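Structure, as structure tokens:
Readers should treat all values here as calculations from the given coordinates under stated rules, not as data from a laboratory. Because the structure is predicted, anything quoted here is derived from the model rather than measured. Quick reminder, even Gly has a Cβ in these numbers, built from the backbone with ideal geometry, and neighbours come from all protein chains shown.
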Amino acid sequence: MRRLWCVWTLWATGCGQALGKRAPDDVPLRALADKAGLVVGAAVSWEPLQQDPGYAALAARHFHVLTPENALKWAPIEHTEGARDTRRIDDIARFAARNGQSLRGHTLVWDLEIPSWVDTADAHALDAALVSHMRATLSENRGRVGVWDVVNEALADDGQRAPTVLHNALGEPHIAQAFRLARAEDPDAKLFYNDYGVLWPGPKADGLLRLVDSLQAQDVPIDGVGLQSHVHLVPEGRLDHAGIRANLKRLGERGLELHLSEVDVRVADLAGGHTGRLLAQAQAVYGLVDACLDEPACTTVTFWGISDRYSWVDRTIGPDDPLLWDDDLVPKPALFAVQDALRGKPWRGCSDSLLDGSFEAGAAGFSSTGGRASVERGGTSEGRHRLVVTDRTEAWHGPQVDASEWLAEGLDYRISAKVKVPKGAPVNATLRIEDAAGTRYVSVAAAQGTGAWQALSGVVALDLHAPVGSVHWYVEGPPPGQDIELDGVVATVACPSG
Ligand code: 9MR
């Protein structure tokens, strides 16, 4: 547990003598975003805002804009016909005002959260009820909602109009009508269409473009598009960052403002260790924020929640950790990735070592696959100590370290070391993987001994299969009886340019 904590918090506090230490970093995200020219937001829920001071403090401190996660939806507001319950949204609006924040209004026209008293089979009654709900909601929130998701999730995965209750009853024109009504009721608010599965290229993103083109051709007042950005990093899954950037660009060329409006990254079923999964999440989040920063039309990144403790994913799909702060409100690597992106810096995962391979503080988890491993003073490649493996009786005997915790599917890793073996001896760095696909050996690097300290570095793209039993990095190769000396082991995520 201690080791896990160490790796988890390594980027926040520094951990171990030789690891890249960083001062605790509690700068509000919105202060960093101000400098970067970006707006940062989060979806908030009424209950934890009332009951969890730690959560409320994060919401108040870090974000420019709050999206009421549910408090502006039709059913929660008008559970009973005509009896509008605005207590929750009013509380959230007061909270935002106290903290100098605005609200992102979510959402006016959506197939889910239609109150049960609305007769959806009667098109006339449905239309009248929807218009009346929109008018009331827009008027109640005029001046405190800066942006409205006027229409939410009207497209199917194939890019055609989804056969929703609203579409079936009210037909194609109801989308344009909703935007016109919203403009008339609140001329100052920006009006957005919001959907999921449209961030990366594909039939649904193409359908979104067609929808936008058609609305613009009819002079419908649409100011922007919310790309929800609920990301699910499954095995084999890597975000298509180039595709995302191209997609943002072509939407931006329509003169639309773009928001990444509901960012979260599910990692629970990614094969690998917990720290590795959080690294994959952090890299994905970095890529999303960076893509938005690089696209002039993309102005806002909103996370769909703050703490893993309250994510909709746990409630709806299953246990996961999709957000920037963990269940205990402790910052996660994904938060530091956002900070790095906002600062215009490379993501720290590409440079901060995931292990302490300096041997200055002892073996730090290193052992050997056979023979005898000991930390010895002097004769080093760097620093004062090195690891030496003696009494080897097999060519595969050598120093090893357990990498199971920080390796995950979907990431590339750079593992570098200094080794010293007799001149001419083969020397290899290898990963031994025991997972659902069996026991496998993956070469990281191979060299011929020079008799002096030499680099043994390589990049591996991992192909793990859950459940993962164990993964070890080890050095092997010289004939039995020859010693292997090891120093300066560094493991980072390998980034494309690095
Ligand atoms: O996070 C929201 C969850 O608490 C609600 O039960 C659910 C139904 O109202 O909606 C969730 O938020 C969704 C958002 O409104 C639209 N895009 C997808 C979000 C996650 O499902």
Could you please state, rounded to a whole Å, how far the C-alpha centre of segment 194-266 is from the C-alpha centre of segment 290-325?
15 Å
Work out the count of Lys pairs in the chain where the Cα-Cα distance is under 17 Å, with the pair 8 or more places apart or on different chains.
4
Using only DSSP helix segments of four residues or longer, with each worth -39500 (n - 2.57), what per-residue ellipticity at 222 nm results for the chain after dividing by its residue count and rounding to 500?
-9000 deg cm²/dmol
Of 496, 167, 216, which is farthest towards the positive pole of the chain's charge dipole, taken about the Cα centre with +1 and -1 on the beta-carbons of Lys, Arg and Asp, Glu respectively?
496
Given the candidates 362, 351, 179, the one whose Cα lies deepest towards the positive end of the charge dipole of the chain, counting +1 at each Lys or Arg C-beta and -1 at each Asp or Glu C-beta, is 362
Given N residues in segment 133-210, what is Rg(Cα) / (2.2 N^0.38 Å)?
1.18
Quick one: Cα centre-to-centre distance for segment 332-394 and segment 399-438, in angstrom?
12 Å
Using amide H atoms built in the peptide plane, which far-off residues or other-chain residues are under 5 Å from residue 412 H to H?
494
Point-charge dipole on Cβ atoms (K/R +1, D/E -1) for segment 278-424, about Cα centre, debye to 20
860 debye
Taking the Cα centre of the chain as the origin, how large is its charge dipole in debye, to the nearest 20, when only Lys and Arg (+1) and Asp and Glu (-1) carry charge on their Cβ atoms?
1640 debye
Rounded to whole Hz, the Karplus (6.51, -1.76, 1.60) HN-Hα couplings of segment 102-111, x for glycine and proline:
10, 10, 9, x, 9, 8, 8, 10, 8, 6
Rounded to the nearest 5, what is the percent of antiparallel bridges among the DSSP beta bridges in the chain?
60 percent
What three numbers, in Å, describe the spread of the alpha carbons of the chain along their principal axes, ordered from the longest?
88, 42, 37
When a footprinting reagent is the concern and you count Cβ atoms within 10 Å, what order do 290, 157 take, fewest first?
157, 290
For segment 84-206, what is the percent of antiparallel DSSP beta bridges, rounded to the nearest 5?
10 percent
Tell me which residues come under 5 Å, amide H to amide H, from residue 67 once H is placed; ignore anything under 5 positions away on its chain.
42, 43, 44, 104
Local charge sum around residue 387 (other residues, Cβ-Cβ under 9 Å, Lys/Arg +1, Asp/Glu -1)?
-2
With just the Cα atoms defining each centre, how far is segment 79-129 from segment 457-498? Give it in Å.
54 Å
Angle between the chain longest axis and helix 333-342 axis [Cα atoms, degrees, rounded to 10]
70 degrees
Around residue 376, what is the net charge, scoring Lys/Arg as +1 and Asp/Glu as -1 over all other residues with Cβ under 9 Å from its Cβ?
+1
Note, ³J(HN,Hα) from phi for segment 401-414, Karplus 6.51, -1.76, 1.60, rounded to Hz, x at Gly and Pro
9, 7, 10, 4, 5, 10, 9, 8, 3, x, 10, 9, 10, 9
Using each residue's phi in segment 361-374, evaluate 6.51 cos²θ - 1.76 cosθ + 1.60 at θ = phi - 60° and report the 3J(HN,Hα) Karplus result to the nearest Hz, with x for Gly and Pro.
10, x, 6, 6, x, 7, 9, 9, 6, x, x, 10, 9, 8
How tilted is helix 241-252 with respect to the longest principal axis of the chain? Cα atoms for both, answer in degrees (0 to 90, nearest 10).
20 degrees
Bins of 5 Å, beginning at zero and ending with the bin holding the largest distance: percent of Cα pairs per bin for segment 391-498, please.
2, 13, 23, 23, 17, 12, 7, 2, 0
Just name one of 132, 115, 100: the one whose Cα is farthest towards the positive end of the charge dipole of segment 90-132 (beta-carbon charges, Lys/Arg +1, Asp/Glu -1).
100
